[in-house]
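Student: Quick one: the structure is below, and I'll ask about it shortly.
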Amino acid sequence: MANVHSWVVRALSSKVFLALVLLGCGLQYAWVAVSARLSIYDEPYHVAAIDAFSHRWLPFIDQTVADGPLGDAERYGSYLYHYLLSFPWRAARGLGMAVDDRIVLLRLLTVGIVVLALLVYRQVFVEMGASRAVAHVTVGLVGSLPLLVFLAGTVNYDNLMFLATALLFLYGLRVYRATEFLWANWLVLLSVACLGAVTKYTFLVLLPVVVIAVLVRQWSNVVSGLRTGTVRFFRPGNLRALTANYALLLITVVAVSLFAERYVGNLLQYGSLMPSCLSVHELAVCEMHAPWARNAALDAAYPDQPMTLPNAVAYLSNEWLPLMFRYSGYMGVTTTEGTGVTTVGPAVGGWLWLLLAPAGLAVLVLSAGVLRRIRGVAMMLGASALYLAVLFVQNLSDYLTLGEPVGIAGRYALVVLPVLIGLTVIGACRVLTVTNADAGRGAKLALLVGAALVLTQGGGITSYLWSLDGSWLRSDDNLVARSTLRAGDLVQHIILSDEIVSDPRL
C-alpha cells in the first residue's frame with residue numbers, strides 16, 4: 001500500500017499532471033464555447049455591452065437609447081470585462097468576421113481567463129498548506145464543476161470575477177502572512193481589489209474582511225518592527241524593487257483611478273455606490289433592459305413586505321435554499337426564436353449535491369481544529385461567509401419588494417466554492433494523515449477513486465452533453481455539432497438514467 005500511495009502522490013504532484021488537468025478543463029470549456037448557442041446567463045446582454053464599448057476608446061459611456069438594452073452602463077460598477085473584450089471584438093469586426101464567429105472568439109478568450117484562474121487557485125491551495133498532489137487534485141475538482149464548465153465557455157463577466165477573486169485570495173494571503181513590508185505585494189493586492197470591483201460590483205462584498213484582516217494583522221508587525229528597527233518601508237532593496245517596476249505602478253494608478261471614478265464618483269454625484277438606473281437615465285433607456293422592466297412591473301404590482309426574522313426564515317427555507325439547490329446544475333441556451341431551453345442536469349447530479357454538500361460541511365467542522373492553525377484561513381472563510389450572507393440578504397430584499405424570487409442562481413456561489421472545496425479537501429487529508437498511516441493512505445486512495453467515479457455522473461462537460469439536443473447547438477450540421485450529439489448519446493449510457501434515479505430537486 002505504501003509503495004502504491006507513494007507512486008500515486010509522485011504522479012499527482014508532477015507538473016505534467018497539472019498541465020493535463022488544466023488542458024482537460026480548457027478543452028471542456030472550449031467545447032462548450034464552439035458548440036453552444038447563446039447562454040441563458042445573460043450572454044446576449046454581455047455581447048451587447050461589449051459592442052457598445054467597441055465604439056468608444058475609453059470605458060466611460062455617455063449613454064443613449066441607441067446603445068440598446070444595456071440598462072445603466074454609464075455609472076454601472078461592472079464594466080471592465082466588457083471594456084477589455086471590446087478590443088478583440090472591434091479587431092475581429094474590422095477583419096470582417098461574422099458576429100457568430102466573433103462571439104466564439106470572445107468565448108475562447110474567456111476560457112483562457114478561467115484556466116488562468118484555476119492556475120492561480122492552485123497556488124492559493126498550496127499557500128493554504130496543501131501538498132502539490134492535493135492542490136492539483138483540488139484544481140481538477142473545482143475545474144470540473146458542471147456549472148463552471150458551462151459558464152466558462154460563454155461570454156460572461158462572472159468569469160473575470162472568478163479570476164479576480166482567486167488573485168484577491170492569493171495576494172491577501174501573502175500580505176497577511178508577510179513578516180516584512182513588500183511594496184509589490186501590497187500594490188498587487190490594491191490593484192486586484194480595485195479592478196475586481198469594476199469587473200462586477202458584487203466583488204465589493206469580498207473586500208471588507210480581506211482588507212480589515214490584512215491591516216489588523218500587519219499593523220502589529222509594522223509597529224513592532226518600527227520599534228526594533230526591523231521594518232523599513234523605504235530600505236534600499238525594497239525601494240529599488242518598487243521604482244524599477246514601472247508597469248506595476250502604472251497598473252495600480254489606473255486601477256485606483258477607475259475605482260475612484262466609478263464608486264467615489266457615484267457617492268459624490270448620486271449619494272450611492274450603485275445608483276438606480278432612473279437616477280442616471282431617462283425612463284426610455286432603463287425600460288429597454290428586460291430585467292429592469294420586469295422588476296419595475298413586479299414592484300408596482302406588489303406591496304412591499306417588512307424585512308423581519310420570520311420573513312427571512314420562511315424565505316430561506318421555502319425559496320432560497322431549495323432554489324439554490326435546484327440551480328446548482330442549471331444551464332441552458334436561448335434559441336433563434338428567443339425562447340429558453342434549460343435543464344438542471346441529470347437527476348444523479350442532484351443526489352450528489354444533496355449528499356456531498358452536507359458531507360463537505362461536516363468535514364470542515366471536524367477539521368476545524370486543524371484548519372484554524374493555517375494562517376489566513378479565517379480571513380478567507382470570513383470573506384466567503386460575508387459574500388454568501390450579502391447574496392442572501394439581497395435576494396431576500398428583492399423578494400420582499402417584488403413578491404417573486406429573482407436573482408437566485410447557483411453560478412453566484414461559484415465565486416467562493418473553490419475556497420470551500422479547497423479547505424474541505426485539505427482538512428480531510430490532514431485529518432487522515434494523523435490517523436494510522438496505512439489506514440490513512442488507503443482512505444486517501446479510496447477518496448481519489450471515489451472522486452473519479454463521481455465525475456462520471458455529471459461532472460465536467462458530461463452534464464452539458466447529457467442535457468443537450470440539436471436546439472442547443474450553434475449549427476445544425478457540421479463536424480462540431482455531429483461530434484457533440486454523438487458524445488451526448490454516449491454520455492446517456494454512462495450517467496445513471498433519470499428513470500432509475502428520481503431527481504430530488506423537482
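Student: Just checking, does the stretch 195-204 include any residue being in contact (Cβ under 8 Å) with a residue 12 or more places away in the chain, among the aromatic types (Phe, Trp, Tyr), over 25 Å from Gly458 (Cβ atoms) and open to solvent by 20 Å² or more (accessible area, probe 1.4 Å)? Show your work before the answer.
Tutor: Residues of the stretch 195-204 that are in contact (Cβ under 8 Å) with a residue 12 or more places away in the chain, as a first pass: 195-204.
Right, trim to among the aromatic types (Phe, Trp, Tyr) and you get 201, 203.
From the residues that got through so far, the ones that are over 25 Å from Gly458 (Cβ atoms) too are 201, 203.
Adding the requirement that they be open to solvent by 20 Å² or more (accessible area, probe 1.4 Å) leaves 201.
Among the residues of the stretch 195-204, at least one is in contact (Cβ under 8 Å) with a residue 12 or more places away in the chain, among the aromatic types (Phe, Trp, Tyr), over 25 Å from Gly458 (Cβ atoms) and open to solvent by 20 Å² or more (accessible area, probe 1.4 Å), which makes the answer yes.
Student: Go over the candidates Leu105, Leu148 one by one and state the one that is within 30 Å of Arg93 (Cβ to Cβ), free of Cβ contacts under 8 Å to residues at least 40 places away in the same chain, assigned to a helix (DSSP H, G or I) and of a type outside the set (S, T, N, Q).
Tutor: Working: Leu148 fails: free of Cβ contacts under 8 Å to residues at least 40 places away in the same chain.
Leu105 is the lone residue from the list that is within 30 Å of Arg93 (Cβ to Cβ), free of Cβ contacts under 8 Å to residues at least 40 places away in the same chain, assigned to a helix (DSSP H, G or I) and of a type outside the set (S, T, N, Q).
Student: I need the full set of residues from the stretch 64-91 which are of a type outside the set (Val, Ile, Thr) and not in a helix (DSSP H, G or I), in order please. So that I can check it myself, show each step before the final result.
Tutor: So in the stretch 64-91, the residues of a type outside the set (Val, Ile, Thr) come out as 66-91.
Passing the criteria: Gly68, Pro69, Leu70, Gly71, Asp72, Ala73, Glu74, Arg75, Tyr76, Gly77, Ser78, Tyr79.
Student: I'm trying to understand the selection: among the residues of the stretch 1-34, which are open to solvent by less than 40 Å² (accessible area, probe 1.4 Å), of a type in the set (Ser, Thr, Tyr) and either farther than 28 Å from Leu160 by Cα or at pLDDT 95 or above (or both)?
Tutor: Tyr29, the sole residue that qualifies.
Student: Which numbered condition in (1) touching a Leu at 6+ places or on another chain (Cβ under 8 Å); (2) open to solvent by 30 Å² or more (accessible area, probe 1.4 Å) is the only one that Leu85 fails?
Tutor: (2)
Student: Related question: Looking for something among the polar types (S, T, N, Q) and within 24 Å of Ser14 (Cα to Cα) - is there at least one such residue anywhere in the stretch 181-193?
Tutor: Looking only at the stretch 181-193, we keep the residues that are among the polar types (S, T, N, Q), and these are 185, 191.
Then drop every residue that is not within 24 Å of Ser14 (Cα to Cα), which leaves none.
No, because not a single residue in the stretch 181-193 is among the polar types (S, T, N, Q) and within 24 Å of Ser14 (Cα to Cα).
Student: Can you pull out the residues in the stretch 449-503 that are touching a Ser or Thr at 6+ places or on another chain (Cβ under 8 Å) and part of a loop (DSSP other than H, G, I, E, B)?
Tutor: Thr456, Gly459, Gly460, Leu468, Arg474, Ile494, Ile495
Student: Being surrounded by 20 or more Cβ atoms within 10 Å (Cβ to Cβ) and outside any strand (DSSP E or B) is the requirement here; does Leu391 meet it? Walk me through it before giving the result.
Tutor: Working: surrounded by 20 or more Cβ atoms within 10 Å (Cβ to Cβ): yes; outside any strand (DSSP E or B): yes.
So Leu391 fits the description; yes.
Student: In the stretch 306-336, which residues are within 30 Å of Leu453 (Cβ to Cβ) and part of a helix (DSSP H, G or I)? Outline the logic, then answer.
Tutor: Step one: of the stretch 306-336, the residues within 30 Å of Leu453 (Cβ to Cβ) are 321-333.
Matches in the stretch 306-336: Leu321, Pro322, Leu323, Met324, Phe325, Arg326, Tyr327, Ser328, Gly329.
Student: If you don't mind, another one. Does any residue in the stretch 83-94 that is closer than 11 Å to Leu109 by Cβ come within less than 8 Å, Cβ to Cβ, of a residue that is open to solvent by less than 70 Å² (accessible area, probe 1.4 Å) and not in a helix (DSSP H, G or I) six or more places away or on a different chain, and which pairs are these?
Tutor: Leu85/Val155; Phe87/Ser54; Trp89/Ser54
Student: Pick from Gly440, Gly407: which is among the small types (Gly, Ala, Ser), modelled with pLDDT under 90 and outside any helix (DSSP H, G or I)?
Tutor: Values: Gly440 fails: outside any helix (DSSP H, G or I).
Just a single option satisfies the conditions, and that option is Gly407.
Student: Go through the stretch 469-499 and report how many residues are open to solvent by 20 Å² or more (accessible area, probe 1.4 Å) and in contact with a strand residue (DSSP E or B) (Cβ under 9 Å, 6 or more places away or on another chain).
Tutor: Going through the stretch 469-499 one residue at a time, the tally reaches 5.
Student: Which of the residues spanning the stretch 255-275 are assigned to a helix (DSSP H, G or I) and of a type in the set (Ser, Thr, Tyr)?
Tutor: Ser257, Tyr263, Tyr270
Student: In addition: Out of everything in the stretch 364-388 that is farther than 17 Å from Ala213 by Cβ and within 23 Å of the chain's Cα centre (by Cα), what residue ends up being least open to solvent (accessible area, probe 1.4 Å)?
Tutor: We begin by selecting, within the stretch 364-388, every residue farther than 17 Å from Ala213 by Cβ; these are 364-370, 388.
Then drop every residue that is not within 23 Å of the chain's Cα centre (by Cα), which leaves 364, 388.
Numbers: Leu364: 34, Leu388: 54 Å².
So the residue we want is Leu364.
Student: Of all residues in the stretch 177-192, which are open to solvent by 30 Å² or more (accessible area, probe 1.4 Å), out of contact with any Phe, Trp or Tyr (no Cβ under 7 Å at 6 or more places or on another chain) and part of a loop (DSSP other than H, G, I, E, B)?
Tutor: Thr179, Glu180, Leu182
Student: Here is a follow-up. Quick check, is Leu151 open to solvent by less than 10 Å² (accessible area, probe 1.4 Å), modelled with pLDDT of 95 or more and within 13 Å of the chain's Cα centre (by Cα)?
Tutor: On the way: open to solvent by less than 10 Å² (accessible area, probe 1.4 Å): yes; modelled with pLDDT of 95 or more: yes; within 13 Å of the chain's Cα centre (by Cα): yes.
Here the answer is yes, as Leu151 does meet what is asked.
Let's see how each residue does on (1) modelled with pLDDT of 90 or more; (2) in a strand (DSSP E or B):
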residue	(1), (2)
Gly338	no, no
Val341	yes, yes
Val348	yes, no
Ala359	yes, no
Val365	no, no
Arg373	no, no
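Student: Among the residues of the stretch 35-54, write down those that are outside any helix (DSSP H, G or I), under 12 Å from His82 (Cβ atoms) and open to solvent by 30 Å² or more (accessible area, probe 1.4 Å). Before you say what the answer is, go through the steps one by one.
Tutor: Filtering the stretch 35-54 for residues outside any helix (DSSP H, G or I) gives 36-42, 54.
When the remaining residues are screened for being under 12 Å from His82 (Cβ atoms), the result is 42, 54.
Passing the criteria: only Asp42.
Student: Answer yes if at least one residue in the stretch 124-145 is without any contact (Cβ under 8 Å) to a residue 60 or more places away in the chain and open to solvent by 50 Å² or more (accessible area, probe 1.4 Å), and no otherwise.
Tutor: No: zero hits.
Student: Could you give every pair whose Cβ atoms fall below 9 Å, whose first residue belongs to the stretch 341-367 and is farther than 15 Å from Ser328 by Cβ, and whose second residue is among the acidic types (Asp, Glu) and open to solvent by 50 Å² or more (accessible area, probe 1.4 Å), counting only separations of at least 6 or pairs across chains?
Tutor: Matching pairs, first to second residue: Val341/Asp469.
Student: Here is a follow-up. Can you go through Leu391, Leu479 and tell me which one is without any contact (Cβ under 8 Å) to a residue 60 or more places away in the chain, more than 18 Å from Gly143 (Cβ to Cβ) and of a type in the set (A, V, I, L, M)? Quick ask: steps written out before the conclusion?
Tutor: Details: Leu391 fails: without any contact (Cβ under 8 Å) to a residue 60 or more places away in the chain.
Within the list Leu391, Leu479, the selection yields Leu479.
Student: Could we say that Thr462 is open to solvent by 40 Å² or more (accessible area, probe 1.4 Å), under 26 Å from the mean Cα position of the chain (by Cα) and modelled with pLDDT of 90 or more here?
Tutor: Working: open to solvent by 40 Å² or more (accessible area, probe 1.4 Å): no; under 26 Å from the mean Cα position of the chain (by Cα): yes; modelled with pLDDT of 90 or more: yes.
It is false that Thr462 is open to solvent by 40 Å² or more (accessible area, probe 1.4 Å), under 26 Å from the mean Cα position of the chain (by Cα) and modelled with pLDDT of 90 or more.
Student: Only residues in the stretch 249-263 that are more than 23 Å from Leu182 (Cα to Cα) count as the first member; pair them with residues that are open to solvent by 60 Å² or more (accessible area, probe 1.4 Å), Cβ under 6 angstrom, at least 6 apart or cross-chain, and list the lot.
Tutor: Tyr263/Leu273
The values are calculated or read from the model by the stated rules, or taken from the named source; none is laboratory data. Since we're looking at a predicted model, the values are computed, not measured. Please note: Cβ atoms are built from the backbone with ideal geometry, for glycine as well, and neighbour counts cover all protein chains shown. Accessible surface areas use protein heavy atoms only, side chains included; no ligands, DNA or RNA. Shrake-Rupley method; radii C 1.70, N 1.55, O 1.52, S 1.80 Å.
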